[in-house]
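S.K.: Could you have a look at this structure, given as structure tokens, before my questions?
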Amino acid sequence: MKIRAEKFRLWEYLVFFIITAVVFCLCVCIGSVNIPLSDIGTVLKNAILGRPQTDALASSILLPVRIPRVLCVALTGAALSVAGTAMQGLLKNPLADGSTLGVSSGAALGAVLAIAFGIVFPGIPFAATTVLAILFAFLSLLIILGLAYKLDYSLSTNTIILIGVIYSMFVSSAMNIVITFASDKIQSITFWTMGSLQGSGYTDAALLGVTLVLCGGVILFHARELNAFSIGEDNARHIGVNVRRAKLLILITVSILIGVCVSIGGTIGFVGLVTPHMARMIVGPNHKRLLPAAMFGGAVFLMLADLIARTLLNPRELSIGVVTSLVGAVVFVFIFYQSRKR
Amino acid sequence: MLEVKNLSVRYGDLTILKNVSFSVREGQWLMIIGPNGAGKSTALNAITQGVSYTGEILLKGCSMEQLKPTERARMVGVLAQNHYVGYSFTVEEVVRLGRYAYSPGFLSGRQKEKEDKTAVEHALALTGMAPLRTKSVLTLSGGELQRVFLAQVFAQEPQLLLLDEPTNHLDLIYQKQVFGLITDWLKNPGRAVVSVVHDLSLAKAFGTHAVLLDQGTCVAKGEAKEVLSAANLNEVYRMDVSAWMRQMLSQWEE
């Protein structure tokens with residue numbers, strides 16, 4: 001067996017970054033209208049230098065539509081993947097994710113409420129869906145944690161996952177009630193709950209970017225704690241981890257990540273479940289290495305999934321959640337089978 | 001070194017421990033014994049703040065409740081009974097986590113790093129795990145895994161070592177190894193061990209002192225040979241313990 005370094009080395013960062021950049025370029029080039037790489041260079045150069053665009057078609061697709069979309073896809077993938085990795089480490093359970101905990105569903109309920117009843121917050125810069133999604137992600141977390149603490153002081157894995165499943169069911173029935181009341185908006189709601197990053201802009205990308213940097217930073221700062229948790233919660237306490245504080249901080253950070261992602265792209269399942277597994281196969285379970293790898297991996301995975309969603313049935317577009325779930329389910333079963341064989 | 005005063009633990013209406021007091025001095029190996037459900041492991045969990053309790057637990061005169069988790073971990077190490085590791089960490093990664101309390105976060109300097117490395121190497125060498133350092137813990141046997149966690153707790157450099165039935169599921173050879181290693185560890189000055197054991201023979205062989213618990217209360221405490229007297233054991237275990245032990249051992253006489 002090869003010796004692993006404790007931290008992610010610079011060249012490893014570079015390799016992952018280059019792969020991500022290549023996939024990014026690929027996704028920007030390919031679409032309903034294919035744009036050659038050289039044109040992208042020209043358009044970007046002109047845009048940055050403030051010169052007038054020479055190629056009207058390329059610039060009208062590229063700058064306002066495709067680049068922000070692919071950017072949002074990459075950032076959402078990275079954020080969901082980091083959140084999933086943190087959950088899996090914290091709960092020492094490779095099946096844990098925002099979706100299994102019910103945080104995603106909770107966030108989705110918040111956003112659906114905003115859409116169904118046309119809730120608008122005056123004076124708040126971003127849309128009510130975002131605020132409500134984050135709020136509901138928080139709320140879900142508080143409910144899940146509150147219940148878990150009530151039932152089990154030490155907040156064990158089984159309790160949390162069980163409550164997550166029950167909570168997801170509860171939320172989905174609540175969602176159906178909301179949809180019944182707002183049947184005129186059912187189309188926009190369903191498309192949105194399946195997940196789509198169609199039409200997302202630079203503001204969304206900026207929000208995602210800031211969230212990823214802040215929350216991802218907090219989580220990466222707790223890599224050692226996550227390592228301890230993924231060996232065992234009791235072990236974490238024995239070696240001196242402030243278990244309850246670390247746990248709460250990580251869960252809150254994760255819920256912010258998920259809340260922002262859901263508000264922008266809807267519930268895109270399986271990203272936070274599958275990419276950490278794949279990253280773990282490549283760099284091992286140490287979170288100092290796993291978290292950066294999962295972040296890049298999540299970005300790549302979701303960009304490719306979005307590419308398939310856009311191009312497979314061109315000119316019609318699949319929702320991205322359908323693609324990730326299709327790909328994700330197959331990969332997940334494969335990984336599960338592998339781990340059972342061991 | 002450790003003083004437990006009037007320790008009581010309740011889960012709802014259930015009383016697990018009731019006014020239990022005992023103390024441990026440097027160089028002592030205290031055995032907590034008693035039948036199933038006597039509250040032995042709960043007493044250990046209370047010391048590491050794993051359960052809420054009433055009463056006082058003092059470590060070198062400081063209340064354990066007041067200590068930060070890292071401060072506590074620098075003084076008290078725990079070797080638990082079962083380890084299930086879900087992910088394929090290497091032996092060295094697990095052992096290195098024992099240094100958590102010394103340098104949490106990123107702000108550890110070069111000197112600290114060197115100390116960490118020395119402690120980890122020493123612990124790996126002591127437990128004989130150095131050749132397996134790059135192996136995944138998922139591929140190890142139960143005995144090897146227990147030695148990995150023993151190495152982790154050695155790397156933690158505690159002064160008080162708590163053992164919760166550390167060799168319960170292990171083959172005899174590993175039982176012998178683990179108890180041998182701990183005996184050597186205890187020979188250094190300023191150290192003490194508290195362990196929960198089921199096996200009364202082990203308690204008698206290795207313990208200097210003992211606490212006998214029965215249904216959450218302390219029945220006897222003091223020097224091991226006095227606590228582990230026939231009268232005490234017969235009362236708590238409701239059988240003639242020494243007769244049974246002799247009968248078991250007589251089979252081996254040839």
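S.K.: Would a scan of region B:115-128 turn up a residue that is within 11 Å of another protein chain (Cβ to nearest Cβ), touching a Phe, Trp or Tyr at 6+ places or on another chain (Cβ under 8 Å), assigned to a loop (DSSP other than H, G, I, E, B) and modelled with pLDDT under 90?
M.R.: Taking every residue of region B:115-128 in turn, none turns out to be within 11 Å of another protein chain (Cβ to nearest Cβ), touching a Phe, Trp or Tyr at 6+ places or on another chain (Cβ under 8 Å), assigned to a loop (DSSP other than H, G, I, E, B) and modelled with pLDDT under 90.
S.K.: Filtering region B:30-85 down to residues that are within 18 Å of B:Lys5 (Cβ to Cβ) and within 9 Å of chain A (Cβ to nearest Cβ), which residue is surrounded by the fewest Cβ atoms within 10 Å (Cβ to Cβ)?
M.R.: Only one residue tops the list, namely B:Ser52.
S.K.: Let me ask something additional. Scan region A:37-54 residue by residue and report those that are surrounded by fewer than 15 Cβ atoms within 10 Å (Cβ to Cβ) and farther than 29 Å from A:Ala293 by Cα.
M.R.: A:Ser38, A:Lys45, A:Ala47, A:Ile48, A:Leu49, A:Gly50, A:Arg51, A:Pro52, A:Thr54
S.K.: Can you tell me how many residues within region B:65-89 are touching a Pro at 6+ places or on another chain (Cβ under 8 Å) and farther than 23 Å from B:Thr134 by Cα?
M.R.: Here the count works out to 7.
S.K.: I'm trying to understand the selection: among the residues of region A:260-277, which are away from chain B (no Cβ under 14 Å) and in a helix (DSSP H, G or I)?
M.R.: Across region A:260-277, the qualifying residues are A:Val260, A:Cys261, A:Val262, A:Ser263, A:Ile264, A:Gly265, A:Val271, A:Gly272, A:Leu273, A:Val274, A:Thr275.
S.K.: Further question: Report, by residue number, each residue of region B:199-239 that is assigned to a loop (DSSP other than H, G, I, E, B) and in contact (Cβ under 8 Å) with a residue 60 or more places away in the chain.
M.R.: Residues satisfying the conditions are B:Gly207, B:Thr208, B:Gln215, B:Gly216, B:Leu228.
S.K.: Quick check on B:Leu163: is it within 14 Å of A:His238 (Cβ to Cβ), within 12 Å of chain A (Cβ to nearest Cβ) and part of a strand (DSSP E or B)?
M.R.: yes
S.K.: Could you check B:Pro131 against (1) more than 14 Å from chain A (Cβ to nearest Cβ); (2) at pLDDT 90 or above; (3) surrounded by fewer than 17 Cβ atoms within 10 Å (Cβ to Cβ) and say which number it fails?
M.R.: So B:Pro131 meets the others, but not (1).
S.K.: Filter region A:199-240 down to the residues that are more than 17 Å from A:Met87 (Cβ to Cβ), assigned to a loop (DSSP other than H, G, I, E, B) and within 14 Å of chain B (Cβ to nearest Cβ) and list them by number.
M.R.: Scanning region A:199-240 gives A:Ile239, A:Gly240.
S.K.: Just the residues that are among the hydroxyl-bearing types (Ser, Thr, Tyr) and closer than 18 Å to A:Leu71 by Cα, please, taken from region A:16-49.
M.R.: Those that are among the hydroxyl-bearing types (Ser, Thr, Tyr) and closer than 18 Å to A:Leu71 by Cα: A:Thr20, A:Ser32.
S.K.: How many residues does region B:201-228 contain that are over 20 Å from B:Leu7 (Cα atoms), crowded, with 19+ Cβ neighbours inside 10 Å and aliphatic (A, V, I, L, M)?
M.R.: Of the residues in region B:201-228, 3 are over 20 Å from B:Leu7 (Cα atoms), crowded, with 19+ Cβ neighbours inside 10 Å and aliphatic (A, V, I, L, M).
S.K.: Next up: For a quick check of your reading of the model, give me the residue pairs whose first member lies in region B:114-127 and is farther than 15 Å from B:Glu144 by Cβ, whose second is in a helix (DSSP H, G or I) and acidic (Asp, Glu), with beta-carbon atoms closer than 8 Å and at least 6 apart or on different chains.
M.R.: Final answer for the pair search is B:Val120/B:Glu92.
The values are calculated or read from the model by the stated rules, or taken from the named source; none is laboratory data. Keep in mind it's a predicted model, so treat the numbers as computed, not measured. Ideal geometry is used to build each Cβ from the backbone, glycine not excepted, and the neighbour counts take in all protein chains shown.
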